[in-house]
Amino acid sequence: MTTPAALEPQNPTPADLADAITPTAQQENEIEREDPADLAHVRKLRSENKNLRERAKTAEDQLGTLNAQVESFRRSEIERIAATVLADPKDLWLGEVTPNDFLDDNGTLDAERVSAHVNDIAQQRPHWALGNQQAAAPPSNRPVETLRPGATPTNYPREAPPTWSSVLNAGKIHSKDIQDR
């Protein structure tokens, strides 16, 4: 009787197929007892099998790298389209959206699907839309225009600038200061 798992179609990788045809230890012992000419042939087949497994592993690694690059290119293109409507196109990814949601039947990026989704987001969250950002208030309640260089406001009471005599006399001890001591 077959199990439900046996009825499901499986997609084995090339490495899985190569492992499935690799002989077990018992099969190796049986082969070694046979003719030495067959043994050389079996060794050659094993070597070829090993090379094919290595090539399959390399191909799988390259496929993974290329899929990641395609995903990155698709995200960039989708964000470029979203930037025409949203202030920050990365906001598009905050929902449960993936680049595969915007592909047509041929696997090509559908710009109309992207635009429709971006417009829906802009309607649902108008504060995310481009051009709806408000200017920030100034950091203080004093207007910046009244400041002079040195960051002193014009209506600030000013002291007289120091003179040379005031600077030199500041360090002198006066005779009446001596008498008070």
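What follows is calculated from the coordinates using simple rules that are stated; it is not laboratory data. Predicted, not measured: the structure shown is a model, and the values here were computed from it. Methodologically, a virtual Cβ is constructed for each residue, glycine included, from the backbone with ideal geometry; neighbour enumeration extends over all protein chains shown.
Between Ser115 and Ala68, the FRET efficiency estimated from the beta carbon spacing at R0 = 35 angstrom works out to 0.85.
Note on Glu96 and Leu168: the extension gain reaches 18.4 nm, defined as 0.36 nm multiplied by sequence separation minus the Cα-Cα distance. Residue separation of Asp61 and Arg80 scaled by 0.36 nm, minus their Cα-Cα distance, works out to 3.9 nm of gained length. Amide H contacts of Ala87: Ala129, Leu130, each under 5 Å away and 5 or more positions distant or on a separate chain (H built 1.01 Å from N in the peptide plane; Pro and chain starts excluded).
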